[in-house]
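Colleague: Let me give you the structure first, and then I'll get to my questions.
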Amino acid sequence: QVQLVESGGGLVQPGGSLRLSCAASASILSARDMGWYRRAPGKQRELVATITRGGSTNYADFVKGRFTISRDNAQNMLYLQMNSLEPEDTAVYYCNAVYDLISFWGQGAQVTVSS
């Protein structure tokens, strides 16, 4: 069983920045892919960004140029740097990792963008 713990969420004004972190209980070098997803109030969960073991990244169109996903294999950490935040980015953000075809999820971190 792999545990993922997100941190770094909070309240920020429009145009501000936040950095989400995800700590994994197992070596992320064993994870095929890792990513961030979000669920806004009343909406389905959606992909935000993913990163492969080799470092290739993929972003949803609505965050391109604003968000950056990265990973620190030595520290078993996944990050999401979020800049130019908009009220529409308000959601619970979830860390995801796939180990041996099994998908693991964190408990989620609330991000609220509001003035």
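The values are calculated or read from the model by the stated rules, or taken from the named source; none is laboratory data. For clarity, every value in this text was computed on a predicted model and none was experimentally measured. Cβ: placed from backbone, ideal geometry, glycine included. Neighbour counts: every protein chain shown.
Colleague: Is the range 67-78 home to any residue that is more than 27 Å from GLN1 (Cα to Cα), of a type in the set (Phe, Trp, Tyr) and buried (at least 19 other Cβ atoms within 10 Å of the Cβ)? Before the answer, list the steps.
Modeller: Taking the range 67-78 first, the residues more than 27 Å from GLN1 (Cα to Cα) are 67-68.
Restricting the remaining residues to those that are of a type in the set (Phe, Trp, Tyr) gives 67.
With the extra rule that they be buried (at least 19 other Cβ atoms within 10 Å of the Cβ), the set shrinks to 67.
Yes, the range 67-78 has at least one match.
Colleague: Sticking with this structure for a sec: Looking only at the range 87-102, count every residue that is surrounded by fewer than 13 Cβ atoms within 10 Å (Cβ to Cβ) and at pLDDT 95 or above and tell me the total. Even if it seems obvious, please write down each step before you answer.
Modeller: Quick first cut of the range 87-102, residues surrounded by fewer than 13 Cβ atoms within 10 Å (Cβ to Cβ) only: 87-88, 100-102.
Filter once more, so that each one left must be at pLDDT 95 or above: 87-88.
Of the residues in the range 87-102, 2 are surrounded by fewer than 13 Cβ atoms within 10 Å (Cβ to Cβ) and at pLDDT 95 or above.
Colleague: Identify, by number, the condition in (1) touching a residue at least 12 places away in the same chain (Cβ under 8 Å); (2) of a type outside the set (A, V, I, L, M); (3) assigned to a strand (DSSP E or B) that SER103 doesn't meet.
Modeller: Against the list (1) touching a residue at least 12 places away in the same chain (Cβ under 8 Å); (2) of a type outside the set (A, V, I, L, M); (3) assigned to a strand (DSSP E or B), SER103 comes up short only on (1).
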